[in-house]
Amino acid sequence: MTESFSLVDRYALGDLQTYLARAGRVEDGSVRLIAAGGVLAAYTAIFYPRGILDESPTVLGLRTFALADAPIFDAVVPARSLLERLARAEATIGTGEDAGPVPLSLPHQVSTVTWAGISPPKSGWHGQEPADAALLESVAKAGIDEVAAAVPSGVGEQIVQRVRTEVWGRPIEGLEHVPAGAAFAALSLGFLAGGEPVQVFETGPWTRLSTSRGHVLVRRKPWTLRS
């Protein structure tokens with residue numbers, strides 16, 4: 001498997017750094033990198049079930065980046081390790097407009113990340129009515145306040161997880177098949193771009209929220225599928 005790739009320029013490097021840093025503030029874990037056709041797709045997990053009885057939806061962030069080469073790989077690596085490599089690369093490149101491609105090597109892979117085995121489909125998406133970015137931002141901020149009020153400092157992880165599942169698994173009014181956690185992901189990852197409408201797509205158990213800044217993918221539990 002290819003163990004290296006080249007981002008097209010330092011701006012792509014900066015975008016990837018920003019995306020991973022934002023994702024790390026929510027879930028300091030791993031990132032799934034899929035390279036094909038000169039494009040790097042970077043998936044991060046915002047919410048996912050932690051066990052058989054956990055009813056949390058799977059909510060993933062996705063950004064894509066143009067590559068200067070054409071490697072093919074599908075790897076799950078620690079986000080922090082990748083950020084360290086990005087920082088080292090940033091320190092070695094010039095500041096001019098013609099700085100050129102940025103070569104990078106993959107960190108050692110991890111194989112215990114459960115959410116990485118869930119792959120959103122690449123095709124078959126059907127457009128729905130766009131969502132209002134202001135609505136998603138409002139839902140996300142209300143959820144953040146609710147979680148903060150319901151979880152005092154020093155409580156156990158199980159209680160925290162139960163509250164988060166209840167708040168972020170709740171459907172958004174007017175977007176009944178989109179959980180509040182998707183709004184939280186869009187806000188936390190910086191995907192809500194002012195007044196830009198959020199495009200909504202569906203296929204099977206998956207829903208995708210897309211803006212010019214990135215995508216949020218949601219996989220619903222089977223029993224929540226629309227009839």
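Structure above, values below:
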| read-out | value |
| --- | --- |
| Peptides ranked, highest mean first, by Cβ atoms within 10 Å: ranges 174-185, 56-67 | 174-185, 56-67 |
| Dimensionless Rg/Rh of region 126-224 - Kirkwood Rh, Rg from C-alpha atoms | 0.99 |
| Packing-based order for 13-26, 115-128, using average beta carbon neighbours within 10 Å, highest first | 13-26, 115-128 |
| Order of ILE72, ILE93 under a 10 Å beta carbon neighbour criterion, fewest first | ILE72, ILE93 |
| Sorted peptide list for 39-46, 74-81, criterion being average Cβ within 10 angstrom, highest first | 39-46, 74-81 |
| Span-rule helices in the chain, defined as complete DSSP H runs reaching 24 Å or more along the axis (Cα) with Kyte mean at least -1.0 | 10-26, 133-150 |
| Computed Rg/Rh of the chain, alpha carbon atoms with Kirkwood Rh | 0.97 |
| Relative contact order of the chain, pairs being alpha-carbon contacts under 8 Å that are 6 or more residues apart, as % | 23 percent |
| Sites PHE201 and GLU157, calculated FRET efficiency, Cβ-Cβ separation with R0 45 Å, nearest 0.05 | 0.85 |
| Share of Cα-Cα pairs in region 1-129 lying beyond 27 Å, as whole percent | 21 percent |
| Rough spin-label spacing in nm, given labels placed 7 Å along Cα→Cβ, for ALA91 and ARG50 | 3.5 nm |
| Value at 222 nm in deg cm²/dmol, rounded to 500, when DSSP H runs of n ≥ 4 in the chain each add -39,500 (n - 2.57) | -10000 deg cm²/dmol |
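Values quoted throughout were computed directly from the atomic coordinates according to the rules given, and no laboratory measurement underlies them. Just so it is clear, the model here is predicted, and its values are computed rather than measured. Neighbour counts run over all protein chains shown; Cβ positions are idealised from the backbone, glycine included.
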